[in-house]
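Just below is one structure, and these are the notes that go with it.
The values are calculated or read from the model by the stated rules, or taken from the named source; none is laboratory data. Since the model is a prediction, treat every value here as computed from it, not as a measurement. As a convention, Cβ positions derive from the backbone with ideal geometry for all residues, glycine included, and neighbour counts pool all protein chains shown. To get the accessible areas, we keep the full protein, side chains included, count just its heavy atoms, and leave off ligands, DNA and RNA. Shrake-Rupley method; radii C 1.70, N 1.55, O 1.52, S 1.80 Å.
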Amino acid sequence: MEKLRFGLIGTGMMGCEHLRNLMPMDDVAITAVSDPNDPPLSWAKSTLGDRWDGVSVFKDHRDLLASGAVDAVIIASPNHTHKSVLADVLSTDIPVLVEKPMCTTIEDCEDVVQQSKKRDAVTWVGLEYRYMPSIAHLLTQLSSGVIGDLKMISIREHRFPFLEKVDNWNRFTANTGGTLVEKCCHFFDLMNLVTGALPTRVYASGGQDVNHLDEVYDGRQSDILDNAFVTVDYANGVRAMLDLSMFAEGGRNEQEIVVVGDTGKIEAAVPGDGYLYVGKRADRSVSADPVPQTEVEHVGFHHGASFVELRRFISAVKGEGEVEVTTTDGLWSVVIGAAAHLSIDEGRAVDISEFKLS
Ligand SMILES: NC(=O)c1ccc[n+]([C@@H]2O[C@H](COP(=O)([O-])OP(=O)(O)OC[C@H]3O[C@@H](n4cnc5c(N)ncnc54)[C@H](O)[C@@H]3O)[C@@H](O)[C@H]2O)c1
C-alpha cells in the first residue's frame, strides 16, 4: 500500500500529539518535521523512537514544503504564526490540516478562506470537538428530531488554567487572539454546527480575575482572560451561551453541553459517564442513552477525537471523503470569539454585521 507521507510543522505539545495519533496508522509515513526550536524537535524525536531515522528535519517550514518529502502537512505552530505559515502552504498543492484557531483575527481568517478557494487541495481546520464520542452522539440524536425544534444551546467549560507553552506564547492575547478565540473557537464551532445558522449578535462579560496575574515576561504582564459568559443570538432564533472558567479544576466534567428543543432536551458531558441524558417534556422522563464508543488506535488528550479527525482528513486527502471542517467553519468560529472580546472591551452588544464579512 502506498503510504501518505506526512510533514509536521511545529513539534510542541499538540504537534507531538498528532504524531502519536498518526504512528499506529498503516497507511501513513511521517517523513518530515519542522520547528525553529531544538527542544521541541527533541520531543518529536523521542515520540517517534526508532521511526525517527529517515525523517527530514527542518528549522524553517518553507524548506519542509520545498523538500518534496511530504504529501500532506499538519500546522501545529502557535496561533499567531498560522497566518504566515498557511500563506506558504496555500501557495502549494499540499493538503493541510491547520490547528485551531485558523488565525487570530477575523481579517486574517477571511484572507485564508479566499486563498484556500484558489486551489483544489484539501484545507482542513482542526476543530475536533465534534468528534468526541458524547458530542458526536449528541449531534446524531439531535438530527433524529428527538427534542423537536432546537431553541437553546448551553456549553459550560470549567477547567484548569492554560498550560505553559514554548516561549510562553499563550500568555498574551496578541499571540492567541484572546481566550475566547484561542480556546473557545471549539465551542463556537459546535454552536454553529448545532444551530445550522449564522450568528447575528454577541454579548459577553468576562475578564482576567485569577490566573497569571503575577506573570511578567520581558517586562510585559500576561493579559489572558480566564472567565466569561458569552451569549450568542442566531439568525434562526436559536440562543446559545458559553460559561467559561479556567480556574475550576476539580469538577465532574470539563465540558457540559445541553441542547433544548420545544419537546425535550439532551445533556452531554466530557468526559461524562458514558451516557447522554435525553429528557422528554411530555412525560417528564429522562432516559440514559449509552454513547457508542468509536474504535480508535490512540485515545490521547481528546478522548479519541484527534484520531477520528486525522482519519477523516486522510480520507478527504485520498478523495474518499468530504472536507468536514472547512476554512469557512474556521472563520465563523473565530468571528464569535472576536465579537465576544469586543463586547467585553466595549461593554456592549456586538452586531455581527459590524464586521462587514464578505
Ligand atoms: N485541537 C486542540 O484541542 C488543541 C490543543 C492544544 C493546542 N492546540 C493548538 O495547537 C497549536 C500549537 O499549540 P501547542 O500547545 O502545541 O504549543 P507549543 O508551544 O507546545 O508548540 C508550538 C510549537 O511551534 C513551534 N513554532 C513556533 N513558530 C514556528 C514556526 N514558524 N514554524 C514551525 N514551528 C513553530 C514552537 O517552537 C513550538 O515547538 C496552537 O495553534 C494551539 O492552539 C490545539
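Numbers for the structure displayed
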{"item": "One residue from Asp38, Asp88, Asp60 being in contact with a Lys or Arg (Cβ under 6 Å, 6 or more places away or on another chain) and closer than 25 Å to Phe172 by Cα", "result": "Asp88"}
{"item": "Complete set of residues in segment 119-149 that are in a helix (DSSP H, G or I) and charged (D, E, K, R)", "result": "Arg130"}
{"item": "Conditions (1) open to solvent by 50 Å² or more (accessible area, probe 1.4 Å); (2) more than 16 Å from the ligand (Cβ to nearest atom); (3) more than 17 Å from Val350 (Cα to Cα): number failed by Tyr203", "result": "(3)"}
{"item": "Among the residues listed as Asp35, Asp27, Asp88, the single one being among the acidic types (Asp, Glu) and farther than 29 Å from Glu320 by Cα", "result": "Asp35"}
{"item": "Residue, surrounded by the most Cβ atoms within 10 Å (Cβ to Cβ), within segment 317-330, restricted to residues that are in contact with a strand residue (DSSP E or B) (Cβ under 6 Å, 6 or more places away or on another chain) and not in a helix (DSSP H, G or I)", "result": "Val325"}
{"item": "Within segment 216-263, tally of residues that are of a type in the set (A, V, I, L, M) and more than 18 Å from Leu193 (Cα to Cα)", "result": "7"}
{"item": "Members of segment 147-200 that are among the polar types (S, T, N, Q) and away from the ligand (no atom under 16 Å from the Cβ)", "result": "Ser154, Asn192, Thr195, Thr200"}
{"item": "Elements of type helices (runs of 4 or more DSSP H) in segment 17-118, at least 2 residues being within 24 Å of Cys185 (Cα to Cα), open to solvent by 40 Å² or more (accessible area, probe 1.4 Å) and within 13 Å of the ligand (Cβ to nearest atom)", "result": "82-90"}
{"item": "Listing of strands (runs of 3 or more DSSP E) fully contained in segment 214-309 that carry 2 or more residues being closer than 19 Å to Ala204 by Cβ", "result": "227-234, 239-245, 255-261"}
{"item": "Among residues of segment 331-358, those that are assigned to a helix (DSSP H, G or I), under 14 Å from Leu198 (Cα atoms) and either hydroxyl-bearing (Ser, Thr, Tyr) or in contact with a Gly (Cβ under 9 Å, 6 or more places away or on another chain) (or both), counted", "result": "4"}
{"item": "Some residue of segment 199-213 being in contact with a helix residue (DSSP H, G or I) (Cβ under 7 Å, 6 or more places away or on another chain) and part of a loop (DSSP other than H, G, I, E, B)", "result": "yes"}
{"item": "Subset of segment 251-310 (residues that are hydroxyl-bearing (Ser, Thr, Tyr) and open to solvent by less than 30 Å² (accessible area, probe 1.4 Å))", "result": "Ser306"}
{"item": "Residue check, Val122 closer than 28 Å to Val55 by Cβ, open to solvent by less than 10 Å² (accessible area, probe 1.4 Å) and more than 12 Å from the ligand (Cβ to nearest atom)", "result": "no"}
{"item": "Pair list, Cβ < 9 Å and 6+ apart or interchain, from segment 128-145 residues that are farther than 14 Å from Lys265 by Cα to residues that are open to solvent by 30 Å² or more (accessible area, probe 1.4 Å) and in a helix (DSSP H, G or I)", "result": "Glu128/His302; Tyr129/His302; Arg130/Ala136; Arg130/Leu139; Arg130/Leu193; Tyr131/His302; Tyr131/Arg312; Met132/His302"}
{"item": "Count of residues meeting criterion [out of contact with any strand residue (DSSP E or B) (no Cβ under 6 Å at 6 or more places or on another chain) and of a type outside the set (Val, Ile, Thr)] in segment 216-253", "result": "15"}
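This table checks each residue for (1) closer than 15 Å to Met241 by Cβ; (2) open to solvent by 40 Å² or more (accessible area, probe 1.4 Å).
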| residue | (1), (2) |
| --- | --- |
| Gly148 | no, no |
| Ser154 | yes, yes |
| Glu157 | yes, no |
| Phe162 | no, no |
| Lys165 | no, yes |
| Asn170 | no, no |
| Val181 | no, no |
| Asn192 | yes, no |
| Ala197 | no, no |
